[in-house]
Amino acid sequence: NLDAMLLAVAVVFSLAAGRAIQVQAIDASDVAAQAADQITVAHDIPAFRGEVVDRNGEVLVFTEATVTVIADPEMIRTNGKFDQPMTSRDIEVAATAADRIAALLASNIGGDVAVYADALKKPGSRYTIVARNVSAATYSVVSTAMRAGGLIGIYKESAPTRRYPNGTLAANILGFVDEKGKGAAGLEYVLNSTLSGKPGREEYETSPNGKIPMGTNVLTPARNGQDWTLTLDAGLQWQVEQVLAERVRVAKANSGVALVMNIKTGEILALANFPSFDPNDYGSSDPKDLQNRAVTDAYTPGSVQKVLTFAALLDAGLVKATDVIEIPQRIRSGDQWITDAFSHTADPEVMFVRGIIARSSNIGAIMEARKMDSNRLRDYLLSFGLGAKTGIGLPGESAGQLPGANMPGYSRDGIAFGGSALAVTAVQEAA
């Protein structure tokens, strides 16, 4: 029996020795690689999106250095002793750690101590999000307090937050980013590829108490996005938005747009929509208010169109401002009778051509426009930019509507005074 027992012990030691040789010599590199994999942490480093500023350098959009605060409840529960017995000191620290950390988080970040405590005591968890959009400065205070209190189990992940410091100002132009930080509307969407930059990556070896100082640490820095300067003047934009909002309310209208353009360069100095939204909290807004009506909505221009009609007639030499014309009470167009919005003092009423614009006579505009071939009038309107996108660079832009070549006479009549057959966007008409 003794011999058998000694033989068994010898076999066990032989097996152990063989395994040791295999681990330490034959498979050493593989085992080392597996061990390194188990202690190596890798994560992406988000790039900061570029800033957007107005023509004077006032910041309209920027990215704040915020972080997501993460807890490791198992680390807190064991005071970092996962694979070894906890000492009496470990047991003492761990007994109150979750509650102490919860109080620390609530006092610096805000929130309910009990909610934090529940998250920090989540059984079996190695990863629990306890707070989002925490400023880097605030987290630094938390981290310092953790070290001072001999506490572990809280760390951060970089999660920059997009900020719109002026709230609704120019919101329909700027747009917003979605929950993943990707441009989802406005210039944020159109310029996403240049604004977003390129994420970096960090890989390092870690222990229960953090990074291993002499361990592997590979850092590929993030490349931040490109900054953009707009033609907008933020001060003028604010004024235009205030005036527009008041006029929409007085008119009891559903919505309105207004824009200010530099007539020498075509630069947009202000472009307002009402109602609008706050891109910091776009989810609480009416979806209809997220679009930019100045480029997305096409409408019948009305009597403003007479300016373009007479510009074409004057350029073609078909009329002069001082020409005299007799205007009847009404004129037939297709199967409809067209009248003026004002009462005539005589039948016919005599006007200068310039008076047709001054008094906004629909009948006079139709009579004069009939002097021009419909295709030639259409070519003029195309040269003015109607029937095509302006290329302003905002998403969802409409081309409006312009009748095709050889349009019927009643379509030309409608175009002449802006009453039908034509649809424009506010940006098109202003340009």
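Residues in the range 360-388 that are assigned to a helix (DSSP H, G or I), buried (at least 16 other Cβ atoms within 10 Å of the Cβ) and touching a residue at least 40 places away in the same chain (Cβ under 8 Å): Asn362, Ala365, Ile366, Met367, Glu368, Ala369, Leu377, Tyr380, Leu381. Of the residues making up the range 343-356, those that are in contact with a Ser or Thr (Cβ under 9 Å, 6 or more places away or on another chain) and open to solvent by 50 Å² or more (accessible area, probe 1.4 Å) number 2.
Let's see how each residue does on (1) in contact with a helix residue (DSSP H, G or I) (Cβ under 7 Å, 6 or more places away or on another chain); (2) open to solvent by less than 30 Å² (accessible area, probe 1.4 Å); (3) of a type in the set (D, E, K, R); (4) closer than 14 Å to Tyr155 by Cβ:
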{"position": "Asp72", "(1), (2), (3), (4)": "no, yes, yes, yes"}
{"position": "Thr96", "(1), (2), (3), (4)": "no, no, no, no"}
{"position": "Ala106", "(1), (2), (3), (4)": "yes, yes, no, no"}
{"position": "Val115", "(1), (2), (3), (4)": "no, no, no, no"}
{"position": "Pro123", "(1), (2), (3), (4)": "no, no, no, no"}
{"position": "Thr128", "(1), (2), (3), (4)": "yes, yes, no, yes"}
{"position": "Ala137", "(1), (2), (3), (4)": "no, no, no, no"}
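Given the criteria within 33 Å of the chain's Cα centre (by Cα) and either closer than 30 Å to Ser343 by Cα or not in a helix (DSSP H, G or I) (or both), does Ile392 qualify? Considered against the rule, which asks whether it is within 33 Å of the chain's Cα centre (by Cα) and either closer than 30 Å to Ser343 by Cα or not in a helix (DSSP H, G or I) (or both), Ile392 comes out as yes.
Here is a yes/no grid of residues against (1) out of contact with any helix residue (DSSP H, G or I) (no Cβ under 7 Å at 6 or more places or on another chain); (2) part of a helix (DSSP H, G or I); (3) surrounded by 19 or more Cβ atoms within 10 Å (Cβ to Cβ):
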| site | (1), (2), (3) |
| --- | --- |
| Phe277 | no, no, yes |
| Asn280 | yes, yes, no |
| Lys288 | yes, yes, no |
| Ala312 | no, yes, yes |
| Ala321 | no, no, no |
| Glu326 | yes, no, no |
| Trp337 | yes, no, no |
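Looking only at the range 390-429, residues that are open to solvent by 50 Å² or more (accessible area, probe 1.4 Å) and out of contact with any Gly (no Cβ under 8 Å at 6 or more places or on another chain) come to 6 in all.
The single residue among Leu386, Leu382 that is among the hydrophobic types (A, V, I, L, M, F, W, C), closer than 22 Å to Asn273 by Cα and either modelled with pLDDT of 95 or more or within 42 Å of the chain's Cα centre (by Cα) (or both) turns out to be Leu386. Contact map, the range 314-342: first residue without any contact (Cβ under 8 Å) to a residue 12 or more places away in the chain, second residue loosely packed, with under 15 Cβ neighbours inside 10 Å and of a type in the set (A, V, I, L, M, F, W, C), Cβ cut-off under 8 Å, separation 6 or more or different chains; pairs are Leu314/Ala321.
Counted as qualifying within the range 1-81 are no helices (runs of 4 or more DSSP H), as none has 3 or more residues that are polar (S, T, N, Q), under 41 Å from the mean Cα position of the chain (by Cα) and at pLDDT 90 or above. Within the range 81-104, being under 17 Å from Met146 (Cα atoms) and in contact (Cβ under 8 Å) with a residue 40 or more places away in the chain holds for Val93, Ala97, Arg100, Ile101, Leu104.
The values are calculated or read from the model by the stated rules, or taken from the named source; none is laboratory data. In this text, all values refer to a predicted model and were calculated from it rather than measured experimentally. Neighbour counts run over all protein chains shown; Cβ positions are idealised from the backbone, glycine included. Ligands, DNA and RNA are stripped out before the accessible areas are found, and what is left, the full protein with its side chains, is counted by its heavy atoms. Shrake-Rupley method; radii C 1.70, N 1.55, O 1.52, S 1.80 Å.
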